[in-house]
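Here is the structure we will look at.
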Amino acid sequence: MSYCNVILRGAVKQTDVLYTYKIPETLEGKVVPGCLCSVPFGKGNRLKTALVTEVTAECSSNYKVKEVSGLVSDLPVVTEDQLAILDKVASRYNCTRGEAAELMIPSCVETHKNKSVAFVEIADKDEAESVLREGSLRSSAHINILEYLLENGPSDRKEVLYGCRASASQLKAVIDKGLVRSYKTRAEDSEVTSEFEFEDVPDRGFTEEHDLNTDQQNAVKKIMEGDKAVYLLYGITGSGKTEVYLNCARQTIENGGSVLYMVPEISLTPQSINWIRGRLGDSVAVLHSRLTDNQRYVQWDRIRRGIARIVVAPRSGVFAPIPNLKLIVIDEEHDGSYRSETHPRYSAKEIARMRSSITGAKIILGSATPSIESFYAATHDVYEMVELKTRARKQARLPETVPVDMKEQIKLGSGEMLSVPLRQAISVALSEHKQIMLFLNRRGYSRTLVCSDCGTAATCINCSVAMTLHNNKRTGKQNLVCHYCGYTIPADTAECTSCGGIHFTRAGFGTQQLEELIRKLYPTEKVLRMDQDTTMSPKAYRDIIDSFAAGEASFLIGTQMIAKGHDFPNVTVVGILGADLMLASSSYRASERAFQLITQAAGRAGRADAPGKVFVQSYRPDLPLFRYALTQDYEAFYKAEIEYREKLLLPPFKAIGELILSDENEEDLIVKANELKVYLKDFLSYQDEKHGFELFGPMPDVIYELRGKYRMDFVIKATTKSALNAIYKKITTDFDYNRYQISFNNDPEN
Ligand SMILES: [Zn+2]
Ligand SMILES: [Zn+2]
């Protein structure tokens, strides 16, 4: 008789414990750690889905033990290393183990109907191609089957037979020859084969291998032979980081391992997917948000069965059940999309490290503008620095950059949106039938005041971050609040920290106003506008990108989304508008983000033969940050930024966490916030000094009212993230979690 311990999928706090069930004889040997089963739960014996964490011979429970009622999936749904990090994930992100399990098991696993479908695929692409080339197959049915599978990838057996007008024995013959293999998977219907509606794999020019230059060869060697777990592959745009990833991936697969290749969701375009498939072959599985449940299931199932050896995926792919995971590539590692914005607020980079510590997988973080934390770790012997110094592509060159002082431009009568030099460049570009990108990052500053004299945002005197405008309902007046230390002043008493000015305005204009102006100035030109990422579906986003790439519009206006890695060879003018307002965000990461965005946006111009021009419009064109970004001088930027972080004890020097208390009733909320403050102060006063706790708040959240609730924040700093977590844990046990509605954000890395 054997027993198993399980966690309920999506368990709430009260049910987040291990439950023991008896394994019925019929399921003996089938219920193994990592599999998903259904169990009767509670008084009503309602069936719940549960993840098996352990199988034991002895029963560890004193209660009457019920029996497992069935398996949801006949194979384990998570790998051993995933099971091993379950507790760690739960404690790091303050979620239940059930919620952690939820991250690892996509919903398609359960919703998928239990119907087995036979699939077939090419066993070895090279061999199949050479057999076809040599003409050694005599049966036309055999040839048809190979060609069909080469073209369509893994396919439903029935569809193959139908599509090739072949018989079962003809298919069996190519399987017996070892050219094709078959396997079973579960599917709702045979539609699953039409996996992507995407274009054909591009011609050979894109898929052909490139010889590595010396820099790249050394990088591959350093990574594959090194003994560190994490490698920061640092190299300017065009230095050929991708070739290094691909070479490391190939070596890893040859050594019997599997590879996780992560890219920001936005970069997973049909073109890039086809390109990756073209380079890496049929053993690639791709996960992304546009997949239907069925398509997702097919990909996921190929991954857990080890049929797919390389998994290309955005953030959520870090939870894919990849057996024998030996290499994790995180491209554009600084990208904010690697961190989840909803509970549990995990960071894919941190999860990758947890998995690597179990499987021994190497991690390559790649970027031209690494996050400050990563660069710090790489220069302090925590990560290994691997640098690519030379450009692999000769034709890539830096665009010409033109800083524009908007103070002068406004005096000249240009208005606050488009400066005269930028307008002139636009006219030239239009006359040459070139395209123009205008980049306006409105995020985070709409609630900021800027100095009318010099354009600097109202800044906290303690923290050097922009303060946020809040209405005080009781007094009817406006306050400026710092969201790190809680420093608050009436808005009408603000004084400019840069020039001493006392006149402030709510500056800034939106993409919509900019679009209107462009339409007025250039009525015959077509304009595309891309808005906040949160309000856009991936499809709408793609449609705009495709349309612009096809030359259907002269202008593309947008926020940071348009700055990300797309190549538009016909773009010769890039305008970065309101550049200094990027810094007027209430986050300490504002400079880092601004630097990354300007560098990326500038990189959109002049990538082909036509030389590009980049205009940076700001009130403070002399800010060093702009100079660093426009000359792509990451190291100069890093040096300035790390000094600021060290001075103010911000990450990586101290961990910083945010605690948000919310309530529908504003007065109740303020009472609770003060209770919590008393409690926290008392609790922190007798903690060991080595933890370096600092408490700030309560203060209104940047978004004070959200979905009918008011929100107050505390900011806590500590020497380590685990010290912060200990505080959070203590609060959740001491306070009534339901009545208080507390959420935590333990600053996951970007
Ligand atoms: Zn402050
Ligand atoms: Zn000023």
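Rank-order 305-312, 11-18, 170-177 by packing density, defined as the average count of other C-beta atoms within 10 Å over each peptide's residues, highest first. Please report the intermediate quantities before stating the final value.
Values: 305-312: 21.1, 11-18: 14.2, 170-177: 16.8.
Listed from highest to lowest mean packing, they are 305-312, 170-177, 11-18.
Once phi is turned into ³J(HN,Hα) by the Karplus curve 6.51 cos²θ - 1.76 cosθ + 1.60 with θ = phi - 60°, what whole-Hz value does each residue of region 314-331 show in order, with x for glycine and proline?
Going residue by residue, I get x, 2, 5, x, 5, 9, 5, x, 8, x, 6, 5, 10, 8, 10, 9, 10, 7 Hz, with x marking Gly and Pro.
If we sort 316-323, 290-297 on the protection proxy, mean other Cβ atoms within 10 Å, highest first, what's the order?
On the way: 316-323: 23.2, 290-297: 17.5.
Highest-to-lowest ranking by the protection proxy: 316-323, 290-297.
As I understand it, the dipole of the chain uses +1 on the Cβ of Lys and Arg and -1 on the Cβ of Asp and Glu, about the Cα centre. Which of Pro264, Val382, Ala101 lies farthest toward its positive end?
Value: Ala101.
What's the center-to-center distance, using Cα atoms, between region 687-750 and region 300-350 in Å?
One Cα centre to the other: 28 Å.
Around Ile557, which amide H atoms from residues at least 5 apart in sequence, or from another chain, sit under 5 Å from its own amide H, with H modelled in the peptide plane?
Leu438, Leu528, Arg529, Met530
Got the relative contact order for the chain handy, in percent, Cα pairs under 8 Å and 6 or more residues apart?
Numbers: 1397 pairs, mean separation 79.2, N = 750.
Answer for the chain is 11 percent.
Taking Cβ-Cβ under 4.7 Å as the only way to count a partner, pick out the unpartnered cysteines of the chain.
Those would be Cys4, Cys35, Cys37, Cys59, Cys95, Cys108, Cys164, Cys248, Cys485, since no other cysteine Cβ in the chain comes under 4.7 Å of theirs.
I need Asp87, Asp622, Asp215 ordered by Cβ neighbour count within 10 Å, fewest first. Can you show the working numbers first?
Working: Asp87 12, Asp622 9, Asp215 19.
Lowest count first: Asp622, Asp87, Asp215.
Normalising by the residue count of region 655-746, find the relative contact order in percent from Cα pairs under 8 Å and 6+ residues apart. Please report the intermediate quantities before stating the final value.
Values: 133 pairs, mean separation 42.7, N = 92.
Contact order relative to length: 46 percent.
Can you list the residues, at least 5 places off or on another chain, whose amide H is less than 5 Å from the amide H of Lys362, using H built in the peptide plane?
HN-HN under 5 Å from Lys362: Leu327, Ile328.
Applying 1/(1 + (r/R0)^6) with R0 = 56 Å to the Cβ-Cβ distance of Lys64 and Thr342, what FRET efficiency is obtained, to the nearest 0.05?
Numbers: r = 38 Å, r/R0 = 0.69.
The calculated FRET efficiency here is 0.90.
Please tell me which of these pairs span more than 21 angstrom C-alpha to C-alpha: Lys221/Lys326; Lys473/Lys717; Lys22/Lys43; Lys64/Lys730; Lys672/Lys729? Before the final figure, lay out each step's value.
On the way: Lys221/Lys326 16 Å; Lys473/Lys717 30 Å; Lys22/Lys43 17 Å; Lys64/Lys730 32 Å; Lys672/Lys729 18 Å.
Beyond 21 Å between Cα atoms: Lys473/Lys717; Lys64/Lys730.
I want to check the label-to-label distance for Glu635 and Thr292. Put each point 7 Å from Cα in the C-beta direction and report it in nm to one decimal.
Once both label points are built, they end up 5.3 nm from each other.
On a straight-distance basis, which lysines could pair with Lys526 in a cross-link, Cα separation under 24 angstrom, same-chain partners fewer than 8 positions away excluded?
Within reach: Lys434, Lys539, Lys564, Lys613.
Around Gln217, with a cut-off of 11 angstrom between Cβ atoms, what is the net charge of the other residues, counting Lys and Arg +1 and Asp and Glu -1? Mind dumping the intermediate values first?
Numbers: positive: Lys221, Lys222; negative: Asp211, Asp215, Glu243.
Taking every Cβ under 11 Å from that of Gln217, the sum is -1.
For a quick protection proxy, order the peptides 357-369, 631-643 by their average other-Cβ count within 10 Å, most packed first. Mind dumping the intermediate values first?
Details: 357-369: 21.3, 631-643: 16.2.
The most tightly packed comes first, giving 357-369, 631-643.
So how many Lys-Lys pairs in region 116-186 land under 16 Å Cα to Cα, not counting same-chain pairs under 8 apart? Don't skip to the end; give the middle numbers.
Numbers: Lys125/Lys177; Lys158/Lys172; Lys158/Lys184; Lys172/Lys184.
Within region 116-186, the lysine pair count is 4.
Would you kindly state how much longer the chain becomes between Glu552 and Lys125 on full extension, computed as 0.36 nm times their sequence separation minus their alpha carbon distance, in nm to one decimal?
Values: separation 427, 0.36 × 427 = 153.72 nm, distance 3.80 nm.
Answer, rounded to one decimal: 149.9 nm.
Report the full-extension gain for the segment Thr719 to Ile703: residue separation times 0.36 nm, less the Cα-Cα distance, to one decimal in nm. Write down the numbers at each step before the final one.
Working: separation 16, 0.36 × 16 = 5.76 nm, distance 2.73 nm.
Roughly 3.0 nm would be gained on extension.
Pairs of Cα atoms under 8 Å, at least six residues apart: use those to get the relative contact order of region 6-49, whole percent.
31 percent
Two decimals, Cα atoms only, Kirkwood Rh: what is Rg/Rh over the chain? List each step's numbers first, then the result.
Working: Rg = 28.3 Å, Rh = 28.7 Å.
Rounded to two decimals, Rg over Rh is 0.99.
Taken together, the values in this text are just the output of simple stated rules run on the coordinates, not laboratory data. Since this is a predicted model, take the numbers as computed values, not measurements. Ideal geometry is used to build each Cβ from the backbone, glycine not excepted, and the neighbour counts take in all protein chains shown.
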